[in-house]
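The values are calculated or read from the model by the stated rules, or taken from the named source; none is laboratory data. Note that the structure is predicted; figures quoted are calculated from it, not measured. Counting neighbours? That spans all protein chains shown, and the Cβs are built from the backbone with ideal geometry, glycine included. The area values use the complete protein model at the heavy-atom level, side chains included, leaving out ligands, DNA and RNA. Shrake-Rupley method; radii C 1.70, N 1.55, O 1.52, S 1.80 Å.
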Amino acid sequence: MSDETERTFAAFPPARGRGFAQSWWGQAWLKALEDAALDTAQVKTGRSLARAGAVGAVSVRPGRITAVVQDRDRTPHRADVLLEQLSDDQWDRFLDMTVARAGHVAALLDRDMPPHLVEDAAAAGVELLPGMGDLEPECDCGAWDHCGHTAALCYQVARLLDEDPFVLLLMRGRGERALLHDLQDRTAVPDEAPALQEGVDAAEAYAAGDILPPLPALPELPEEPGVPPSLDTETPAPSGVGPAALEFLAARTAAQAYRLLAEQDAFDDELTLAQDAVRLAVGISERTVLERLAEGSGRAMEELAPAMRAWRDGGVAALDVLEEEWTAGGETLARARAALDSAWDEEERPSLRARGNRWTVVGSSSQLRLGRDGRWWPYRKERGRWVPAGGGVQDPATALAAAQEALEIG
């Protein structure tokens, strides 16, 4: 990051066969491009250029993204895409909404943008994601609508958005550090701390344990994680210590701890004995313990290893995909076929053999499995058994690339 108002990302290498948007917000970004472009052939050209690695380093600034894009004949063109910035009033409403809703701060710190965050922002009059016509193209090739160069830039930025939604917020006008400081200001603990209550001597409490009243119930999980104090003070930082980095790490740790506590509550309420046995087995190397957990989960030992791998990739959802074969039909099947048809250009599309919710690449040891949540899960064949090869994603091309990469690694 060169400063708070500009970020520059290195060019991506060619990525043929890979999808561009795994996250739902990355897909919404591309939908804004594809719905508004008058010439679909230019959109397809842009997708091909992006896959071929023709997009150079991407500069992201408030209201604008820029990159040099090379034609197939290597002619360079400067491409820009403009997106309207939020007003100061809109930013105030967004920040107030974020700190007032449970989990919004935690999601942002975890580089996530859940739908309810976007929906709550829209209810407050703040549209974060672009809609049809919001991505305004500018290119020195002279095109007045989206050309292959601006489309290629949009496809490349979708990859950046997958990794970091703060890229979108910077385009809307606010850098990450400034945004986090604003959130901290709104959630700062008041200077006046409540007076400490007098406690009970530990020795006396232990001696009188049989007559003391029972301990109070555990407190409920707070609506959101705590925000660490700001390190922006007049005292200079020691050499080699970055206050901004420390602030980020502390906030990220608080968000991660909050999420683990929230997930533990869900585990206590929802996991079956078989699922909980797999969860407990993850990270254990002692064979006698694993054998007992395998027995408790109703699995043979050779079935426990892929179950543990699935759990690491996606918890209960991934475990269900591993063990349940079901038949997609009606609207679900239509959506799946549409996703498969649009995931690859015609010359790159693999030959797939379908059975139930599973699509196997003909002549290969790669497979795609459709989860009931609409995500695609990569699988590879290992010693005659299909095993998980990564987490679930919205784009089947991305999932298949993960399966093939796992095969190459071994």
Hits in region 92-147 (condition: assigned to a helix (DSSP H, G or I), open to solvent by less than 60 Å² (accessible area, probe 1.4 Å) and out of contact with any helix residue (DSSP H, G or I) (no Cβ under 8 Å at 6 or more places or on another chain)): 100, 122
Do we find that residue 327 is at pLDDT 85 or above and over 30 Å from residue 51 (Cβ atoms) in this structure? yes
Inspect region 67-74 for any residue being modelled with pLDDT of 85 or more, surrounded by fewer than 17 Cβ atoms within 10 Å (Cβ to Cβ) and touching a Pro at 6+ places or on another chain (Cβ under 7 Å) and give the result as yes or no. no
If only one of 343, 406, 318, 389 is in contact with a Lys or Arg (Cβ under 6 Å, 6 or more places away or on another chain), buried (at least 21 other Cβ atoms within 10 Å of the Cβ) and either of a type in the set (S, T, N, Q) or closer than 22 Å to residue 22 by Cβ (or both), which one is it? 389
Residue under evaluation residue 185, criteria (1) outside any loop (DSSP other than H, G, I, E, B); (2) modelled with pLDDT under 70, criterion not met: (2)
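Report yes if some residue within region 37-44 is touching a residue at least 40 places away in the same chain (Cβ under 8 Å) and basic (Lys, Arg); otherwise report no.
So far as region 37-44 goes, yes, one or more of its residues are touching a residue at least 40 places away in the same chain (Cβ under 8 Å) and basic (Lys, Arg).
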